[in-house]
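Down below is the structure, laid out as structure tokens.
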Amino acid sequence: QTGYITLDSGYKNTGATESAITFLDGEEGILRYRGYPIEQLAEKSSFIEVAYLLIYGKLPTQTELDFFANEIKIHTLVNEDMRKILDGFPSAAHPMGILSALVSSLTAFYPESLKSNQTKEEVDLSIIRLMAKLSTIAAWSYKNSMGHPVNYPKNKLDYCSNFLHMMFAYPTEEYEVNPVVVDALNKLLILHADHEQNCSTSTVRLVGSAHASLYSSVSAGISALWGPLHGGANQAVIEMLEAIKADGGDSKKYIEKAKDKNDPFRLMGFGHRVYKNFDPRATIIKKTADEVLTALGINDPILNIAMELEQAALTDPYFVERKLYPNVDFYSGIIYRAIGIPTEMFTVMFALGRLPGWIAQWKEMREAKEPIGRPRQVYTGETERDYSAINER
Ligand code: SDX
């Protein structure tokens, strides 16, 4: 090897870029989007306004917000060619796989997104189109995986209400929008909107650094998010809580399993690469989960199991020494379940929320004209040796 290579597997101590989008302080449990604390944004803003803030770097005026929100509404409709591609998927296809494929195939419908030197106007248009279409494609992916007819978006509905309509309406039955559910969904999408250089965002930046289109970069990010150690954890948490409930609800037994080095079981929804304190998003989501379940009159036994697990982990030396706290995925699935989102759609919801963050990070990387990402390695293989004929092996 020429030169000096510093090995840092998992990039635990590597800063891959400079960014002005999101600030995280893992020790203090601080998260801010463009300087605004997420506690204020979750309480006072909307997902579409936060998307604007992340992508364009400032809170919009009423005129700017109306234009952005309206453009997203107009472009929410997906054209019939996309419908035909969707029909090609078997109903057994996982919604995340359909989402990644459909987002990537969007590039074919919008040639401007293929150009590596897009104008500002072209970038802004492809941003609005992707923000609009992902919610429709997400809902359609689910309907297709259930073998149900898709619902077309309704311009009179706001972004979250429209998504719920597309998910839950049937030809025989309108979806009745519940403000408690819409508010909870807005909060969840805001809290998932960006998180600096996490695995899927780093993937979007790396793919985009090769001058791949925004759409194919986001498609790669969706695939990275699917992993159970990353965005797939929200589905894994509910499956874990269900398994504990089915096994008699003994949370202490599962705390011991999680500590056992010979047991591959991990307490899903616990731990974080950056937060060595409470994940500030988990604090807000836990409070929202209580509010939503109360408002909807739902008594979900797995919420009690989740809180018992949390209490047990917060006092157990194994978790305390390793600073393992509940993360964003620990309580989010309980809300998604309460508002009727099926488990196999939880990570799709994460992708829907994270989309403006991916877009903002891709835009920032391209505007900074960052070079193509190409890390090195420490070689540990064979030294030079000669080829041998097959009859000599
Ligand atoms: C997200 O990066 C982001 O910002 C991600 C995210 C975002 O918004 O983009 O916040 C979203 O991905 C949240 C994380 C969701 N994943 C899970 O909940 C899966 C369960 N958590 C773990 O797999 C783990 O905590 C990670 C993946 C989140 C972090 O892994 P690290 O930083 O690589 O830490 P590690 O695996 O090296 O663990 C350190 C120690 C180990 O024990 P020792 O070898 O030191 O004895 O802690 C233990 C681990 O075994 N450990 C756990 C554990 N998490 C870590 N033990 C039991 N259960 C767990 N959940």
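For this structure, a couple of remarks:
- Count of residues meeting criterion [in a loop (DSSP other than H, G, I, E, B) and within 13 Å of the ligand (Cβ to nearest atom)] in segment 279-307: 1
- Residues in segment 262-278 that are near the ligand (Cβ under 7 Å from one of its atoms) and among the charged types (D, E, K, R) were compared, and the one that is nearest to A313 (Cα to Cα) is R266.
- Considering segment 159-208, the qualifying helices (runs of 4 or more DSSP H), each wholly inside and each with 1 or more residues that are within 16 Å of the ligand (Cβ to nearest atom), run over 179-191, 199-208.
- Contacts under 8 angstrom Cβ, first residue in segment 89-113 being open to solvent by 10 Å² or more (accessible area, probe 1.4 Å), partner part of a helix (DSSP H, G or I) and among the acidic types (D, E), 6 or more apart: H94/E344; F109/D81; E112/E122
- Segment 224-256, residues that are among the aliphatic types (A, V, I, L, M), closer than 17 Å to I334 by Cα and within 9 Å of the ligand (Cβ to nearest atom): A233, A236, V237
- Listed by first and then second residue, the pairs linking a residue in segment 5-32 that is closer than 20 Å to G271 by Cα to a residue that is among the β-branched types (V, I, T) and within 13 Å of the ligand (Cβ to nearest atom), with Cβ atoms under 6 Å apart and 6 or more places separating them unless they lie on different chains, are L24/V274; G26/V274; L31/I38.
- Number of positions in segment 321-335 that are in contact with a Leu (Cβ under 8 Å, 6 or more places away or on another chain) and either of a type in the set (A, V, I, L, M) or surrounded by fewer than 24 Cβ atoms within 10 Å (Cβ to Cβ) (or both): 5
- Subset of segment 24-62 [assigned to a loop (DSSP other than H, G, I, E, B), under 24 Å from C199 (Cβ atoms) and open to solvent by 50 Å² or more (accessible area, probe 1.4 Å)]: E27, E28, R34
- Residue within segment 277-294 that is in contact with a strand residue (DSSP E or B) (Cβ under 6 Å, 6 or more places away or on another chain), surrounded by 16 or more Cβ atoms within 10 Å (Cβ to Cβ) and touching a residue at least 24 places away in the same chain (Cβ under 8 Å) present: yes
- Matching residues, segment 1-23, being assigned to a loop (DSSP other than H, G, I, E, B), open to solvent by 100 Å² or more (accessible area, probe 1.4 Å) and not hydrophobic (A, V, I, L, M, F, W, C): Q1, T2, Y4, T6, K12, N13, E18
- Residue that is modelled with the lowest pLDDT [pool: residues in segment 78-88 that are in a helix (DSSP H, G or I) and open to solvent by less than 10 Å² (accessible area, probe 1.4 Å)]: M82
Residue-wise test of (1) within 15 Å of the ligand (Cβ to nearest atom); (2) within 13 Å of the chain's Cα centre (by Cα).
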residue	(1), (2)
P326	yes, no
R337	no, no
T343	no, no
F346	yes, yes
G353	yes, yes
Q361	yes, no
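The values are calculated or read from the model by the stated rules, or taken from the named source; none is laboratory data. Note that the structure is a prediction, hence the values are computed from the model and not measured. Counting neighbours? That spans all protein chains shown, and the Cβs are built from the backbone with ideal geometry, glycine included. Areas reflect the complete protein model, heavy atoms only, side chains present, ligands, DNA and RNA absent. Shrake-Rupley method; radii C 1.70, N 1.55, O 1.52, S 1.80 Å.
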